[in-house]
Amino acid sequence: MVAAGTPAVAAWVLGWTGVAAAFGAVALFSAWFFRNPRRSAPKSDRAVVAPGDGKIVEICEEDEPRFLKDKSLRISIFLNIFDVHVNRIPCQGTVEQVAYQPGRFLVASRPEATLQNEQNALLIRAVQGTRVLCVQIAGLIARRIVCWVSPGETVACGERYGLIRFGSRMDVFLPVGTKLKVKVGEHVKGGETLLGEL
């Protein structure tokens, strides 16, 4: 926002109203895009909430080969540029692993983006002992993934932990047998919408 706001002010002072308006519009869009609303997570140790705002584009059962190394339920949430891009912790627990993977920038809604795109994985040991995997996946426009937590940290359900800049995707891998509360096509709110109960 500062990168666009400063030239906007400078152009306005110099009387370049067209240039000032253009940079001002970019600054306003950036401020709106990085909005960070308050959210209220369910008060339950078994709750798993959406890690980001967006539309559920897929729910399937598949093997997760990298971290869980077991069959899991994957819920994929696509975030377009109009969604809030601050990411939230899906469940209460302890961070076991944070792993960044460089990669491609395919359209985030495509299935192959799951393994091929640039991403950051967050593995959480829930209070019941089960493990939940949350993956930030960069998209066609997104070129920067930010994560603010580290292994060993105790985290709360709905807590802010990172963001993806511009259109992207969030994948959540849950244990088979999790009681799902959502379906494909639903629009969810990060840190608030209940995806399921462990």
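Please treat every number below as a calculation from the coordinates, not as lab data. What you are looking at is a predicted structure, and each value in this text was computed from that prediction instead of being measured. Here the Cβ is made from the backbone with ideal geometry for all residues, glycine too, and neighbour counts use every protein chain on show.
Taking a ≥ b ≥ c as the square roots of the eigenvalues of the alpha-carbon gyration tensor, the stretch 47-197 is classed rounded because a/c is under 1.5. Of VAL49, GLN92, TRP148, which is farthest on the positive side of the dipole of the stretch 47-197, counting Cα position, with +1 on Lys and Arg Cβ, -1 on Asp and Glu Cβ, and the Cα centre as origin? Farthest towards the positive end: TRP148. Charging the Cβ of each Asp and Glu at -1 and of each Lys and Arg at +1, and nothing else, the dipole of the stretch 47-197 about its Cα centre rounds to 220 debye.
Counted by Cβ distance under 13 Å from GLU197, the other residues give a net charge of +3, where Lys and Arg count +1 and Asp and Glu count -1. For the stretch 183-191, 3J(HN,Hα) computed residue by residue from phi via the Karplus equation (6.51, -1.76, 1.60; θ = phi - 60°) reads 9, 4, x, 6, 9, 10, 10, x, x Hz, glycine and proline entered as x.
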